[in-house]
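First up is the structure itself, then whatever we jot down about it.
A short reminder: the numbers here are calculations on the coordinates, not readings from a lab. Please read these numbers as outputs of a predicted model, since none were measured by experiment. Counting neighbours? That spans all protein chains shown, and the Cβs are built from the backbone with ideal geometry, glycine included.
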Amino acid sequence: MRSILTGVLVAYASCVQAHDSHSGWRYETFCCNGDNHTGDCQMIPSQSVKVIKNGYQLTLAPGDHRLVTRDHVFNFPQTTTRRSQDSEYHLCLYPNEDTPRCFYAPDMSF
């Protein structure tokens with residue numbers, strides 16, 4: 001019974017995959033829901049990101065992310081920010097535009 005359950009879980013995990021960013025690297029499964037057209041993760045304009053003490057402030061307007069329909073301001077501590085693999089900023093919103101799930105940023109350089 002245990003081996004059957006393990007097989008089912010492995011099969012399910014292989015079906016649940018994150019989608020790729022525009023530049024080709026893959027968002028983490030925890031962060032991403034959907035695909036390249038309907039997913040909640042995507043690149044955001046660098047102009048919407050400001051480095052603040054211990055992290056980042058994101059100021060988003062409609063059009064900055066496919067799910068954003070009104071202005072938002074989100075703060076992300078450096079400790080929870082994930083590393084972007086393409087020198088761009090990316091944001092995952094889930095389950096709605098009011099809930100930032102993951103934020104990806106390039107390495108900070110001071």
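Look at THR69 and say whether it is assigned to a loop (DSSP other than H, G, I, E, B) and touching a residue at least 12 places away in the same chain (Cβ under 8 Å).
yes
Residue under question is GLN47, and the condition is that it be in contact with a His (Cβ under 8 Å, 6 or more places away or on another chain) and among the polar types (S, T, N, Q); does it hold?
no
Return a yes/no flag: does the stretch 86-107 have any residue that is in contact with a His (Cβ under 9 Å, 6 or more places away or on another chain), in a loop (DSSP other than H, G, I, E, B) and either at positive phi or exposed (fewer than 12 other Cβ atoms within 10 Å of the Cβ) (or both).
Yes, the stretch 86-107 contains a residue that is in contact with a His (Cβ under 9 Å, 6 or more places away or on another chain), in a loop (DSSP other than H, G, I, E, B) and either at positive phi or exposed (fewer than 12 other Cβ atoms within 10 Å of the Cβ) (or both).
Across the stretch 47-85, what is the number of residues that are of a type in the set (S, T, N, Q) and either touching a strand residue (DSSP E or B) at 6+ places or on another chain (Cβ under 7 Å) or buried (at least 19 other Cβ atoms within 10 Å of the Cβ) (or both)?
Number of matching residues: 8.
If LEU67 meets every condition in (1) in contact with a His (Cβ under 9 Å, 6 or more places away or on another chain); (2) of a type in the set (A, V, I, L, M, F, W, C); (3) under 16 Å from ASN33 (Cα atoms) apart from one, which number is that one?
Just one mismatch for LEU67, condition (1).
Applying the selection to the stretch 82-99, what residues are under 19 Å from HIS22 (Cβ atoms) and either under 10 Å from the mean Cα position of the chain (by Cα) or not acidic (Asp, Glu) (or both)?
ARG82, ARG83, SER84, GLN85, SER87, TYR89, HIS90, LEU91, CYS92, LEU93, TYR94 - these are the residues of the stretch 82-99 that are under 19 Å from HIS22 (Cβ atoms) and either under 10 Å from the mean Cα position of the chain (by Cα) or not acidic (Asp, Glu) (or both).
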